[in-house]
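J.: Let me begin by handing over the structure; questions about it come next.
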Amino acid sequence: MLELSGVNSYYTKAHILRDLGFSVQAGQVVSLLGRNGAGKTTTLKSIMQLVKPRSGSISFEGQSLTALPPHRVAKLGLGYVPEDRRIFTDLTILENLEVGRQPARDGVYEWTIDVLFDLFPNLKERRQNRGKALSGGEQQMLSIARTLMGNPKLLLLDEPSEGIAPVIVEQLAETILKLKAEGLPVLLSEQNMHFARIVADRAVIVEGGSVKYDGTFEDLDAQPEIRDTYLSV
Amino acid sequence: MGLIVAQILTGLANAAALFLVASGLSLIFGVTRIVNFAHGSFYMLGAFIGYSLMQVLPGAIGFWSSVLLAGLLVGVIGVIVELCVLRPVYKAPELFQLVATFGVILVIQDLALMIWGAEDVLGPRAPGLKGIVRIMGEPVPKYDLALIAITPFVLFGLWYLISRTRVGILVRAATQDREMVGALGVNQAWLFTGVFFLGAALAGLGGAVQLPKGGADLLMDFNILAAIFVVVVIGGMGSLPGAYIAAVLISVLNVFGVAYLPQSTLVLMFVVMAVVLTIRPYGLLGREEVVGEHGQVGEPEQPIKPAGVKARIAVALLLLVLALLPLFGSKFATILATDIIIFCLFAASLHFLIGLGGLVSFGHAAFFGGGAYAAALLVSYVNAPMELAFLLAPLCAGMAAVIIGWLCIRLTGVYFAMLTLALAQLLWSLVFQWDEFTGGDDGMVDIWPAEWLSSTTAYFYFTMIVGIGGILFLRHVAHSPFGYALRASRDSARQAEATGINTKRVQWMAFSFAGAMAGVAGALFVFSKGSVFPVELEIARSFDGLIVVFLGGVKTLAGGVVGAAFLELVKDYLTRLEYWRLALGILIIIVVILAPNGIVGSIRKLAQRSGLVKNHYE
Ligand SMILES: Nc1ncnc2c1ncn2[C@@H]1O[C@H](COP(=O)(O)OP(=O)(O)O)[C@@H](O)[C@H]1O
Ligand SMILES: [Mg+2]
């Protein structure tokens, strides 16, 4: 449902993504693996058009995204959860969720605040608290919940496990598996291979802004040299 | 007792319009990060449009519908401004948009002049509320009571909109991180337009609602500008209740000031502001500003470097032509060139502060006018020879900058800008109201240069040497270790601190230095004109400086000088036209849209793209 090919992205003059291409199929959880600075975040931002690729094509359900402003990309059903969470710290949890709310979409699971509170019970207790009162893990939950309020067809998660206590990471893995069970495909950017393989069907490894490996985890296990070259263990 | 109550009531009534206009400014700034200089113009339009409507709509219903309609119409005008002028420049570096809004001020001034004429308009009294009521024996206009009663409802309505509705939630979210709001599927462009509509409409309402008390005139745009900035800053950027409290505070104090200490009225609100900001740097109910946290656009800095050989030759040629000017040019041309050089030095000193220091001062005229007045006072009171006065003037301006800088440097971003504006305004009102010492409105005259500089040509060469020398000196400092430390403090205070730079002190020194250099320009100015008036210290003069710095290009060393020369030349030509403000305003807007990196920055970009000049990254 999401296809990237030959994508080149820049930060002014710095060439970051180099002919990057891969795809995500319906119902899949794909993990985008790579070291710090490999270009994972830039890839997700390029998909959202927060960074405008200079060349290449990115399409979602057959529609090209490259000429669209970010809000139109989101409206097409791409839900973006940024790396630094970027919750609205002066707004309450309920208000944060309200910002993410979008009308229901045909054939897509419709999230409600109650369902999200079942998924993230911590948020429910603190729903009148401001964003800045939350812990890192709770902010991550809120950021995901906020994006789910937009009833996305595909979720882009940027390093959700980064800087979060191990217990919470486990919860997070369960949550992603639940989302997958609801039929929501996920593109998950990760450095943490262990976390990725719990939830993901496929690994796409990037380094220096290009794809170095695209396949299953089993095949990857058979090629330890790839893992050792492109991922820090 | 009765009198005091009556005075408080008058103050509360005056606060109504002030609050309306200020809350609009605060909203627009909060979401779009645009310091909308044209906000006073929206207020003025509200008054004039309201007046015209009241001429045709009769009775009490007509009156109040006129007020509402005026608000709506000004809201629509705000939308037009947003769509045509601001939308093309949202991506420009921060604060650049204020140049565009300055262009809008000029356009609206002339349009208002065309439509309503130069005569002040007396506001109609509100039908049904014409009389007075006696409260504890004192007369209080009924209309005042109506205003006092209405304002809390407006406050409540706005508060409800902002804190309880989806639109309000989106507005607050966008205030913090507009890019993220966009990534969640909200069309920010629409949100910006909506906020502009609301903000402008509030200003228009403010203008219309004060008609029975104040009427309408062509000066009200600038007259209210300082006051609403003060209100917004005292209340705390983005806080509506804060703006209300501040509006009441300022208005009530003002009524008491007029009654008991008339010579204080101009200074009063700035004193209050300075006190509040010293105790609470982010206003009564404000929170710390985090500038450019997310969604910051604009390109990274190009490293500045000494001019290349070609550029040096070009500048040398230009200077040569300039030096020959008195030989072949008219006396008029020589005087114009003198004016331009002086203005260029002033702009270069402000550019040093803004471009290198990242310190956007809204009150730089304080040091230009300060230097001019210092020289004038020395000549008039201690009979100082011109040479001595000329040397001491920059020192006095520098001293003023040391003091003002000490107060302001602790703040950042808009708060810094506002406090510099307030303190500059304080200096202005001091000069303006201290008749016996400074001549007040009549200025100081007969401040002529020494015998050997008395001819136009001699003074031109003097100006050229001092002025161009000053500009080169500023450039030299920019390339010195101090210049590097200043830029390091601007770009990354934390890293600069880590390398042992005391960033605040570096900035304070830069502020003082820039002030002294502006003082040099001021001294040159006063002896070239033979007189000085309070207008040289005014906000408008500070804005002139800001406009040319941004117009020329903040991120290029030559920006201030080129912008200043451009504006002075264009002004000299345009002011011969009847509606020169309109022409100048439109010109500024066009330049802003075509050259979002400033004149120099955009020319350089063009040259880079066409391969004429090498890019630093390649
Ligand atoms: N705003 C930016 N400006 C310039 N370079 C950037 C910016 N953001 C990231 N980079 C650079 O782009 C490269 C890829 O970064 P990123 O996509 O964030 O990698 P990852 O998410 O895999 O850690 C890095 O070398 C990083 O330094
Ligand atoms: Mg990243």
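J.: Would you say A:Arg85 is closer than 30 Å to A:Ser46 by Cβ, within 16 Å of ligand 1 (Cβ to nearest atom) and not small (Gly, Ala, Ser)?
T.: Yes; evaluated as a whole, the condition is true for this residue.
J.: Under the condition of being touching a Ser or Thr at 6+ places or on another chain (Cβ under 6 Å) and assigned to a strand (DSSP E or B), which residue from region A:20-55 is nearest to A:Met1 (Cα to Cα)?
T.: Filtering region A:20-55 for residues that are touching a Ser or Thr at 6+ places or on another chain (Cβ under 6 Å) and assigned to a strand (DSSP E or B), the one nearest to A:Met1 (Cα to Cα) comes out as A:Gly21.
J.: Which residues, counting only those in region A:49-64, are open to solvent by 10 Å² or more (accessible area, probe 1.4 Å) and more than 14 Å from every other protein chain (Cβ to nearest Cβ)?
T.: Passing the criteria: A:Pro53, A:Arg54, A:Ser55, A:Gly56, A:Ser57, A:Ser59, A:Glu61, A:Gly62, A:Gln63, A:Ser64.
J.: Counting only residues that are within 15 Å of the chain's Cα centre (by Cα) and of a type in the set (D, E, K, R), which one in region A:77-98 is nearest to B:Ala173 (Cα to Cα)?
T.: So, considering only residues that are within 15 Å of the chain's Cα centre (by Cα) and of a type in the set (D, E, K, R), the one nearest to B:Ala173 (Cα to Cα) is A:Arg86.
Here's the yes/no breakdown for (1) buried (at least 22 other Cβ atoms within 10 Å of the Cβ); (2) in contact with a strand residue (DSSP E or B) (Cβ under 7 Å, 6 or more places away or on another chain); (3) not assigned by TED's automatic domain parsing to the domain that holds B:Pro481:
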residue	(1), (2), (3)
B:Ala333	no, no, no
B:Asp339	no, no, no
B:Ile354	yes, no, no
B:Ala374	yes, no, no
B:Ser380	no, yes, no
B:Pro385	no, no, no
B:Cys396	yes, no, no
B:Val402	no, no, no
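J.: Among the residues of region A:27-46, which ones are within 13 Å of ligand 2 (Cβ to nearest atom) and not polar (S, T, N, Q)?
T.: A:Leu32, A:Leu33, A:Gly34, A:Arg35, A:Gly37, A:Ala38, A:Gly39, A:Lys40, A:Leu44, A:Lys45
J.: Within region A:214-230, count every residue that is touching a residue at least 40 places away in the same chain (Cβ under 8 Å) and open to solvent by less than 30 Å² (accessible area, probe 1.4 Å).
T.: Residues meeting the conditions: 0.
J.: Continuing with this model, one more query. Given the conditions (1) open to solvent by 50 Å² or more (accessible area, probe 1.4 Å); (2) within 30 Å of B:Gly62 (Cα to Cα), and given that B:Gly131 satisfies all but one, which numbered condition is not satisfied?
T.: With respect to (1) open to solvent by 50 Å² or more (accessible area, probe 1.4 Å); (2) within 30 Å of B:Gly62 (Cα to Cα), B:Gly131 is out only on (1).
J.: If you don't mind, another one. Would you say A:Val108 is touching a Pro at 6+ places or on another chain (Cβ under 9 Å), of a type in the set (Val, Ile, Thr) and open to solvent by 10 Å² or more (accessible area, probe 1.4 Å)?
T.: Criteria met by A:Val108.
J.: At least 2 residues that are open to solvent by 20 Å² or more (accessible area, probe 1.4 Å), touching a residue at least 60 places away in the same chain (Cβ under 8 Å) and small (Gly, Ala, Ser) in each: list the helices (runs of 4 or more DSSP H) lying fully within region B:1-108 that qualify.
T.: In region B:1-108, B:59-81 are the helices (runs of 4 or more DSSP H) which contain 2 or more residues that are open to solvent by 20 Å² or more (accessible area, probe 1.4 Å), touching a residue at least 60 places away in the same chain (Cβ under 8 Å) and small (Gly, Ala, Ser).
J.: Would you point out which residue out of A:Val99, A:Val24 is more than 16 Å from ligand 2 (Cβ to nearest atom), at pLDDT 95 or above, open to solvent by less than 10 Å² (accessible area, probe 1.4 Å) and closer than 14 Å to A:Leu154 by Cα?
T.: Only one candidate qualifies: A:Val24.
Residue by residue, here is whether (1) small (Gly, Ala, Ser); (2) farther than 13 Å from B:Ala518 by Cα; (3) at pLDDT 95 or above holds:
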{"residue": "B:His351", "(1), (2), (3)": "no, no, no"}
{"residue": "B:Gly355", "(1), (2), (3)": "yes, yes, no"}
{"residue": "B:Val379", "(1), (2), (3)": "no, yes, no"}
{"residue": "B:Pro385", "(1), (2), (3)": "no, yes, no"}
{"residue": "B:Thr412", "(1), (2), (3)": "no, yes, no"}
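J.: Mind checking which residues of region B:252-282 are touching a Ser or Thr at 6+ places or on another chain (Cβ under 8 Å) and open to solvent by less than 10 Å² (accessible area, probe 1.4 Å)?
T.: If the condition is that a residue be touching a Ser or Thr at 6+ places or on another chain (Cβ under 8 Å) and open to solvent by less than 10 Å² (accessible area, probe 1.4 Å), then B:Gly257, B:Phe270 are the ones that fit.
J.: What do you reckon, is A:Pro152 more than 24 Å from B:Gln176 (Cβ to Cβ) and either without any contact (Cβ under 8 Å) to a residue 12 or more places away in the chain or away from ligand 1 (no atom under 16 Å from the Cβ) (or both)?
T.: no
J.: Something else now. Report those strands (runs of 3 or more DSSP E) wholly inside region A:137-207 carrying at least 1 residues which are away from every other protein chain (no Cβ under 14 Å), within 16 Å of ligand 2 (Cβ to nearest atom) and within 25 Å of A:Leu50 (Cβ to Cβ).
T.: A:186-190, A:202-207
J.: Next question. Does any residue of region B:414-436 turn out to be open to solvent by 10 Å² or more (accessible area, probe 1.4 Å) and in a loop (DSSP other than H, G, I, E, B)?
T.: Within region B:414-436, one or more residues are open to solvent by 10 Å² or more (accessible area, probe 1.4 Å) and in a loop (DSSP other than H, G, I, E, B).
J.: Name, by its number, the condition in (1) free of Cβ contacts under 8 Å to residues at least 60 places away in the same chain; (2) away from ligand 1 (no atom under 16 Å from the Cβ); (3) surrounded by fewer than 20 Cβ atoms within 10 Å (Cβ to Cβ) that does not hold for A:Gly37.
T.: (2)
J.: If you don't mind, another one. Could you tell me which numbered condition A:Leu116 fails, if it satisfies all but one of (1) farther than 22 Å from A:Val206 by Cβ; (2) within 14 Å of another protein chain (Cβ to nearest Cβ)?
T.: It is condition (2) that A:Leu116 fails.
J.: Something else now. With the condition being small (Gly, Ala, Ser) and in contact (Cβ under 8 Å) with a residue 40 or more places away in the chain, I'd like the helices (runs of 4 or more DSSP H) fully within region B:186-266 carrying at least 2 qualifying residues.
T.: B:188-209, B:220-235, B:240-260
J.: I would also like to ask the following. Looking only at region B:577-598, which residues are open to solvent by 30 Å² or more (accessible area, probe 1.4 Å) and in a helix (DSSP H, G or I)?
T.: B:Trp580, B:Arg581, B:Leu582, B:Ala583, B:Ile586, B:Leu587, B:Ile590, B:Ile593, B:Leu594
J.: Of A:Ser46, A:Ser5, which residue is within 14 Å of chain B (Cβ to nearest Cβ) and more than 21 Å from A:Phe217 (Cα to Cα)?
T.: On inspection, the qualifying residue turns out to be A:Ser46.
J.: Considering each of B:Leu574, B:Leu537 in turn, give the residue that is without any contact (Cβ under 8 Å) to a residue 60 or more places away in the chain, open to solvent by less than 40 Å² (accessible area, probe 1.4 Å) and in contact with a Phe, Trp or Tyr (Cβ under 7 Å, 6 or more places away or on another chain).
T.: Just one listed residue meets the conditions, B:Leu574.
J.: Return yes or no: is A:Pro69 at the interface with chain B (Cβ under 9 Å from one of its Cβ atoms), open to solvent by 30 Å² or more (accessible area, probe 1.4 Å) and either under 21 Å from A:Thr41 (Cβ atoms) or at pLDDT below 95 (or both)?
T.: yes
J.: Within region A:76-96, track down each residue that is more than 10 Å from chain B (Cβ to nearest Cβ) and open to solvent by less than 30 Å² (accessible area, probe 1.4 Å).
T.: Answer for region A:76-96, where residues must be more than 10 Å from chain B (Cβ to nearest Cβ) and open to solvent by less than 30 Å² (accessible area, probe 1.4 Å): just A:Ile93.
J.: Being of a type in the set (Val, Ile, Thr), assigned to a helix (DSSP H, G or I), over 16 Å from A:Lys153 (Cα atoms) and more than 16 Å from ligand 2 (Cβ to nearest atom): is that true of A:Val73 here?
T.: no
The values are calculated or read from the model by the stated rules, or taken from the named source; none is laboratory data. From a predicted model like this one, the values you see are computed outputs, not experimental measurements. Quick reminder, even Gly has a Cβ in these numbers, built from the backbone with ideal geometry, and neighbours come from all protein chains shown. What goes into the accessible areas is simple: the full protein's heavy atoms, side chains included, and nothing from ligands, DNA or RNA. Shrake-Rupley method; radii C 1.70, N 1.55, O 1.52, S 1.80 Å.
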